[in-house]
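**Q** Sharing a structure with you now.
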Amino acid sequence: MLGIFFQSLIRHFSWWMTSLWPGRHGAAPLSGRRLLFLFLFYPAFAAFQLLHWLGFLCDELCFASYRTVEVKAPVFIIGIPRSGTTFLHRTLAEDRARFTSFSTWEAILAPSITERKVLRGIRSIDHALGAPLQRIVHKLLDSASGDFNDIHEVGLRAPEEDYLSLLPAGACFILLLAFPFSPQLRQLGQLDEMPAQSRERILLFYKRALQRHLYCHPGKQLLSKNAAFATWAGALNATFPDAKFLVCVREPTAALSSQLSSLTSARSFFATDSTGDETTRTFTRLYAQFYASLDAFIASSPPDQSAVIAQSDLKAAPAPTITAALDQLQIESNPAIDHTLATIQPGKPSAHQHDPSDFSINPKEIQHCMNPHYEAMLHSPNRTSPKLDTSTTGIP
């Protein structure tokens, strides 16, 4: 852990320093907004990460037994970003008697056990006073999330991607949007290409994060959702051999277009890549790697370990699709999940509208680098095959 701490310090400082070199990267020009981010927001963010490390130190001193917690049979929801992973995750997370997932506040505000205990104490006092602090925090969150809520609903207690717990380690993929010139951040989307020592440090840090979470939620089974882990499946399987994987996939052009559209607000906040051209090139390369990596993982794993879920199936017939996937992975049903599934209706048109023509997507790269892998996964024996009424769903 000490090694990744110093690695994180070096990386955070180097990203900041490199950002101040004029002309270092065309996608991160030193505009007024960019300077505001670098000198106002980012120092506060970096200081917050140091506070988390202080919490980790307190964990080692006061709650060291968390290291003995076993991460038994975790369920990982991974796949292509913008393919239904959030919907699937929040549906299964309704089974609170069985599953536990990182909430937004746990992942961002309190990745350490110590911080969680402190914040829970503050919350108890706040509730006793009528919850004024909670109302202020929720208003700030609503203001900060803005239109992003139409793309990905944000809430402090909502189940969230636990890759956000990697922020203190400088190993969270979202940081690539703030520092698009960083090869280390780009490697997070291509884990197999990362140097072995760095990869092992990050995986150990992530395992410790899961152990801390389960320490705070004893007796629960981990339910993790990270679309950014599309190339992590093999490494996660090696780290957690009894893990189950729900792999969501979507037609490449629509998935990439949706992803690029969803990143518009982040590019504006970080004041990077004003035209979006660099982001399109970067994510086109990453998506090609995502499809290839997931295809290879699916081909090497049995159907009772990894289930492929097509977004078209999930949208048209969510309950039968999820039920079939759980059956395939031999995850027992129970009244809680049965009740949740009984209330789900086929998806309505999303409030998030996007058009591939708005981005400089290269159709040839889609055709040659993504479509073959997508088709292979659709025709894999691992693909979940729900029993659908084709007369009403129209799905062949």
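**Q** Could you pull out the residue among 245, 240, 269 that is of a type in the set (Phe, Trp, Tyr) and touching a strand residue (DSSP E or B) at 6+ places or on another chain (Cβ under 7 Å)?
**A** 245
**Q** Oh, and also: Working only within the stretch 180-218, note down all residues that are modelled with pLDDT of 95 or more and part of a loop (DSSP other than H, G, I, E, B).
**A** 217, 218
**Q** Could you tell me which of the residues 154, 137 is modelled with pLDDT under 80, among the β-branched types (Val, Ile, Thr) and not in a helix (DSSP H, G or I)?
**A** 154
**Q** Against the definition (in a helix (DSSP H, G or I), modelled with pLDDT under 85 and farther than 26 Å from residue 265 by Cα), how does residue 391 come out, yes or no?
**A** Judged against the criteria, residue 391 is a match.
**Q** A further question follows. When both residues are 6+ apart or on different chains and their Cβ atoms are under 6 Å apart, which pairs have a first residue that lies in the stretch 193-210 and is aromatic (Phe, Trp, Tyr), and a second that is surrounded by 18 or more Cβ atoms within 10 Å (Cβ to Cβ) and in a helix (DSSP H, G or I)?
**A** 205/4; 205/169
**Q** Additional query: Look through the stretch 219-236, keep the residues that are outside any helix (DSSP H, G or I) and of a type outside the set (A, V, I, L, M, F, W, C), and return whichever of them is farthest from residue 81 (Cα to Cα).
**A** 219
**Q** Specify the residue that is surrounded by the most Cβ atoms within 10 Å (Cβ to Cβ); the eligible residues are those in the stretch 284-294 that are in contact (Cβ under 8 Å) with a residue 12 or more places away in the chain and either more than 14 Å from residue 83 (Cβ to Cβ) or among the aliphatic types (A, V, I, L, M) (or both).
**A** Here the residue is 294.
**Q** Mind checking whether some residue in the stretch 226-245 is touching a residue at least 60 places away in the same chain (Cβ under 8 Å) and of a type in the set (Asp, Glu)?
**A** Yes, the stretch 226-245 contains at least one residue that is touching a residue at least 60 places away in the same chain (Cβ under 8 Å) and of a type in the set (Asp, Glu).
**Q** Identify the single condition in (1) crowded, with 20+ Cβ neighbours inside 10 Å; (2) under 22 Å from residue 223 (Cα atoms) that residue 366 does not satisfy, given that it satisfies every other one.
**A** Going through the list (1) crowded, with 20+ Cβ neighbours inside 10 Å; (2) under 22 Å from residue 223 (Cα atoms), residue 366 breaks only (2).
**Q** Restricting attention to the stretch 304-335, report how many residues are among the small types (Gly, Ala, Ser) and not in a helix (DSSP H, G or I).
**A** Matching residues across the stretch 304-335 total 5.
**Q** Moving on to the next point. Mind checking whether some residue in the stretch 184-191 is within 20 Å of residue 96 (Cα to Cα), touching a helix residue (DSSP H, G or I) at 6+ places or on another chain (Cβ under 8 Å) and crowded, with 21+ Cβ neighbours inside 10 Å?
**A** No, there is no match, as no residue in the stretch 184-191 is within 20 Å of residue 96 (Cα to Cα), touching a helix residue (DSSP H, G or I) at 6+ places or on another chain (Cβ under 8 Å) and crowded, with 21+ Cβ neighbours inside 10 Å.
**Q** I've got another one for you. Can you tell me which residue is modelled with the lowest pLDDT among those in the stretch 336-384 that are aliphatic (A, V, I, L, M), more than 14 Å from residue 284 (Cβ to Cβ) and not in a helix (DSSP H, G or I)?
**A** 351
**Q** Here is a further query. How about the stretch 6-122: which helices (runs of 4 or more DSSP H) wholly inside it have at least 3 residues that are without any contact (Cβ under 8 Å) to a residue 60 or more places away in the chain and not basic (Lys, Arg)?
**A** Those helices (runs of 4 or more DSSP H) span 42-62.
**Q** Here is a further query. Here are the criteria: (1) at pLDDT 95 or above; (2) more than 22 Å from residue 373 (Cβ to Cβ); (3) assigned to a helix (DSSP H, G or I). Tell me which single one residue 266 does not satisfy.
**A** Condition not satisfied by residue 266: (1).
**Q** Ok, one more. Would you tally the residues in the stretch 312-329 being touching a residue at least 60 places away in the same chain (Cβ under 8 Å) and over 19 Å from residue 100 (Cβ atoms)?
**A** Residues that pass the stated criteria total 12.
The values are calculated or read from the model by the stated rules, or taken from the named source; none is laboratory data. Everything numeric here is computed off the predicted structure, so don't read it as measured data. Counting neighbours? That spans all protein chains shown, and the Cβs are built from the backbone with ideal geometry, glycine included.
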